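Okay, structure first, notes after.
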Amino acid sequence: MISLRKVSKTYPRSGDALRGVSFRLRKGEFAFLTGPSGAGKSTVLELIHFQTRPTEGEVQVSRYSSGRIRRRDIPALRRRVGFVFQDFKLLERLTAAENVAFALEVIGTPRREIAGRVQRLLSQVGLAARARSRPSELSGGERQRVAVARALATEPRILLADEPTGNLDPDAAAGVFELFRMLNRLGTAVLMATHDADFVRRQRDIRRLELEGGRLVGDSAA
Amino acid sequence: MRAVREALASFRRTPLLCVLSIGAIGLSLVILGLFGLVAHNIGGAIGDVERRVEVVGYLLDDAGPEEVRAAWRELEALPEVESVRYVSKDEALERARRDLVEFSNVYGELRVNPLPASLHLRLREGFRAPETVSETAGLLAAYPFIEEARFGEEWVERLFALRSAAAATALALGGGFALVAVLLIVTTVRMAILARGEEIEIMQIVGAREGYIQRPFLLEGAVTGLAGGLLALGATRLAYVVFPARFPAIESLAWLPHLWTAAGVAAAAALGLLAAAFSVHREVGRAYGPS
């Protein structure tokens, strides 16, 4: 489903972000992407989401390859790959429901279907009761749930999460993580970047990809 | 529909910025409009003077009426000649007495009419450039009964130099102000994009198509340009009405041809669209292009 083959990424100003990284993530798999700040975790996620292209090597997501993808195919790819951020990236002027509806509208969902789908998505993440609340009225955990509901709006096969629990207290973090596990059990592949080594160690059943200095230094599945 | 809604929402969200942009674009274009009005009127004045340019051939006193008539017909048939008029010796004297009042005594005491008969050639529009006038004068002078052909060479050349200078100034100023207008629209749209940076980022993340994101901004650019163009048109019209009333030295002004005003407003909208396209391509397009 996701395949990185000898991927390197060099930025003109900051230099090498990744060097020769290779791994595969199968359909429906859950994996942590770990490592200290600056290890290259975010770069891996951005490459999989085609926000940037590798300097060397190839990134393959489903049938899309970084070497051959056409500019006009990128939106279709991004609809298959949901993305959740540490800082939620919610629109403050919109309610929770409107934030989710925004994503549905953007991808061309018929207007008459939007309300029902928003209701289902918010119920899925346990936030149906807070549909009319603005982000500023929600806790950190609730905001992240709204962000997850929005990411699920396109019915993605893959969910990328960049430090999704980084801004949350332990209870809220555990709740969001449980949500990811539930989504994974329903068939969505999850790749979650985190630098919280203790948290990762406690989840022994989940594959761990360790990055350091832009290199893949460990893969618990290997 | 969404693009229209979003473009209108953008105007509602940042009304001051939009009003400032339209005002600034309008101001740039009104200067262009005023200059156009002046250029058009200078052009009209030059045209009036041009229409008066004529080539005069003075006849020898022994010129035969038959050969003059034959020459007249030949000259009238030339494509550059609009009309040929014959002024007899008597008519020339009468005109001199009438026009040159200060010499009326001299002309009054004359026993012999010293003034020659003449042929006056008016040239068609498009054939009034100094070279054409000079060539026509040469043709006229070639007839054996013509003593001399004159056309006020220096005057004609000065007139055309003035017109060329006016056209060059119009191009330079027009181009300069158009560039200012483009830069303003590029900046306005860029600011609108930056103001909606979060929304755009989310759209890109969830998989919006490029055109879906770009359309409202393109529309906003076109509408801003159009509004600026209409504002400039209104202000220019106001100046057209007010100036002759306030400054008696300006007797009357001719309003711009409809084609000019329509083309000006359409060009403003097109400039707005192009400037927005440039801005949008730079700011939004990079999220889809290779990097």
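The values are calculated or read from the model by the stated rules, or taken from the named source; none is laboratory data. Note that the structure is a prediction, hence the values are computed from the model and not measured. As a convention, Cβ positions derive from the backbone with ideal geometry for all residues, glycine included, and neighbour counts pool all protein chains shown. These accessible areas exclude ligands, DNA and RNA; they are computed on the full protein's heavy atoms, side chains included. Shrake-Rupley method; radii C 1.70, N 1.55, O 1.52, S 1.80 Å.
Numbers at a glance
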| read-out | value |
| --- | --- |
| Candidates B:Leu171, B:Leu233, B:Leu184, ranked by Gaussian network fluctuation over chain B, Cα under 10 Å, top entry | B:Leu171 |
| Reachable aspartates and glutamates from A:Lys27, criterion Cα separation under 14 angstrom, eight or more residues apart if same chain | none |
| Translational diffusion coefficient (Stokes-Einstein; Kirkwood radius from C-alpha pairs) of the protein assembly as shown at 25 °C, 0.890 mPa s, in µm²/s | 83 µm²/s |
| Segment B:44-111 shape via C-alpha gyration tensor axes, a/c threshold 1.5 | oblate |
| For segment B:54-150, fraction of C-alpha pairs farther apart than 23 Å, in % | 31 percent |
| Prolate/oblate/rounded label for segment A:4-84 (Cα gyration tensor, a/c 1.5) | oblate |
| Cα gyration tensor, segment A:35-164 - rounded (a/c under 1.5), prolate or oblate | oblate |
| Centre separation in Å (Cα based) which lies between segment A:168-222 and segment A:47-123 | 21 Å |
| Within segment B:54-150: Cβ-based charge dipole about Cα centre, in debye rounded to nearest 20 (Lys, Arg +1; Asp, Glu -1) | 240 debye |
| Cβ-placed point charges (K, R +1; D, E -1), dipole of the protein assembly as shown about Cα centre in debye, nearest 20 | 4420 debye |
| Whole-percent carbon and sulfur share, accessible surface of chain B, 1.4 Å | 64 percent |
| Nitroxide proxy distance, nm - points 7 Å out along Cα→Cβ at B:His120 and B:Met191 | 6.1 nm |
| Helical mean residue ellipticity (222 nm; -39500 (n - 2.57) per DSSP H run of 4+; nearest 500) of chain B | -24500 deg cm²/dmol |
| Expected 222 nm ellipticity per residue - DSSP helices of 4 or more, -39500 (n - 2.57), all of chain A, to 500 | -10000 deg cm²/dmol |
| Whole-number percent relative contact order across chain B, with pairs defined as alpha carbons under 8 Å at least 6 apart | 30 percent |
| Helix B:130-141 vs. chain B, principal-axis angle (Cα, 0 to 90°, nearest 10) | 20 degrees |
